[in-house]
């Protein structure tokens, strides 16, 4: 199944892209996606525990099951003043 992944802030800077399409097996979870992304973009590893996943604009746990056509946003912590 294909998943659209969007990167924001530092994650976009690290990957060099704002989005990509990922092919994952049926029944894949957010954790499966992370493993795939870390193989492709190893520099994301330090940010993995700090980032949240949002599937179709809703925050989810890494254990959430993904479905074909989902859009997953990788969202790092937000800071501001």
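We did not get these values from a lab; they are worked out from the coordinates using the rules stated. This one's a predicted model, so the numbers in the text were calculated from it and none came from an experiment. Here the Cβ positions follow ideal geometry from the backbone for every residue, glycine too, while neighbour counts run over all protein chains shown.
Select one label from (1) 40, 24, 19; (2) 34, 28, 21; (3) 34, 31, 20: the one whose number is Cα extents along the principal axes in Å as derived from the coordinates shown.
So the calculated entry is the one marked (1).
Would the stretch 37-81 count as rounded, prolate or oblate if I go by the C-alpha gyration tensor, calling it rounded below 1.5 in a/c and otherwise prolate when a/b exceeds b/c, oblate otherwise? Provide the component values of the computation, followed by the final result.
Values: a/c = 2.13, a/b = 1.21, b/c = 1.77.
The shape class here is oblate.
Which order results if 11, 51 are arranged by neighbouring Cβ count within 10 Å, fewest first?
51, 11
State, to one decimal in nm, how far the label point of residue 38 lies from the label point of residue 23, with both points 7 Å from Cα in the Cβ direction.
2.3
For n ≥ 4 DSSP H runs only, could you compute -39500 (n - 2.57) per run for the chain, divide by its residues and tell me the 222 nm figure to the nearest 500?
It comes out at -6500 deg cm²/dmol, rounded to the nearest 500.
Give me the percent of DSSP beta bridges within the chain that run antiparallel, rounded to the nearest 5.
So the antiparallel bridges in the chain amount to around 75 percent.
Could you check the simple spin-label distance between residue 54 and residue 68, using points 7 Å along Cα→Cβ, in nm with one decimal?
It is 2.7 nm.
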